[in-house]
Structures are given as C-alpha cells and as structure tokens.
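Contents: one structure, followed by commentary.
The values are calculated or read from the model by the stated rules, or taken from the named source; none is laboratory data. Note that the coordinates shown come from a computational prediction; the quantities given were computed from them, not determined experimentally. All Cβ positions, glycine included, derive from the backbone under ideal geometry; neighbour counts span all protein chains shown.
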Amino acid sequence: MERKYFVSVDSAAEDRMMGHLAFVDNVSEAAGDRLYIEYMDSLGFLSRAPESCPLYILSEQPEEVLRYKLFGKRYRIVFRIEGTNVYVHDIQDCREDVDKSLV
C-alpha cells in the first residue's frame, strides 16, 4: 500500500512561487500554464514519495534534514519530512543566487 503524506507549503514560499508564475505568464501564457501544472504535479509527487528526493546540503548543516525536488527545468522545492507530513520551506529559481538563510 502506498504511503500518503500531507504537504504543507509555507506562505512565503507560496508567494515566491506565485511571483515566478506571474513572471512566466507575462512572457507566455502557455509557459505559465505548463509551469503551474509541473508545480502541482511536484506537490503530488511529494505526497507520495518525498523520501526518494535527494538531500539539500547547505554550507552549514542545519539541525533538520532538508530535501529538494526539481521541476520545470529550473525550479527547486526545498522541504523536510516529519512523520507523514512534508513541510515546504522554499521554492527557488535555480538561476538566481540563493540566499540560504531563507530556508
């Protein structure tokens, strides 16, 4: 039987994702639609198999273990697993310099 996880996205991370979507949508509505679908598919994946995603290694190792899921060719969902819960801490555009203090 497949294990089911509850996925919770931090409001600041959700706001960043909506900003990315708005930007892409302004360039191409079709590209914005594809990115949204890939984002939602990634959250669905996290509800089924988050433990299969690689570890997210920071320069200074935090107390908690973080993982990441890539989607849309250049975006990264940073999250942690706690029991049957998945907590999304950040959604990053991998082309940008990442301020790891956000995580």
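When S42 is tested against (1) within 13 Å of G72 (Cβ to Cβ); (2) over 12 Å from the mean Cα position of the chain (by Cα); (3) of a type in the set (S, T, N, Q), exactly one condition is not met: (2). A single member of V27, V7 is β-branched (V, I, T) and surrounded by fewer than 12 Cβ atoms within 10 Å (Cβ to Cβ), and it is V27. Just a yes or no: is a residue in region 31-43 closer than 18 Å to E14 by Cβ and β-branched (V, I, T)? Yes, the conditions are met somewhere in region 31-43. Residue check: G83 meets all listed conditions (1) modelled with pLDDT of 90 or more; (2) at negative phi but one, namely (2). In region 62-79, of all residues being crowded, with 18+ Cβ neighbours inside 10 Å and not in a strand (DSSP E or B), the one that is modelled with the highest pLDDT corresponds to L66.
Does region 44-54 include one or more residues that are closer than 17 Å to D93 by Cα and of a type outside the set (D, E, K, R)? No, the conditions are met nowhere in region 44-54. S59 falls short of the stated requirement of being modelled with pLDDT of 95 or more and under 18 Å from H89 (Cα atoms). Of all the listed residues (L58, L35), the sole one being out of contact with any strand residue (DSSP E or B) (no Cβ under 7 Å at 6 or more places or on another chain), surrounded by fewer than 17 Cβ atoms within 10 Å (Cβ to Cβ), in contact (Cβ under 8 Å) with a residue 12 or more places away in the chain and not aromatic (F, W, Y) is L58.
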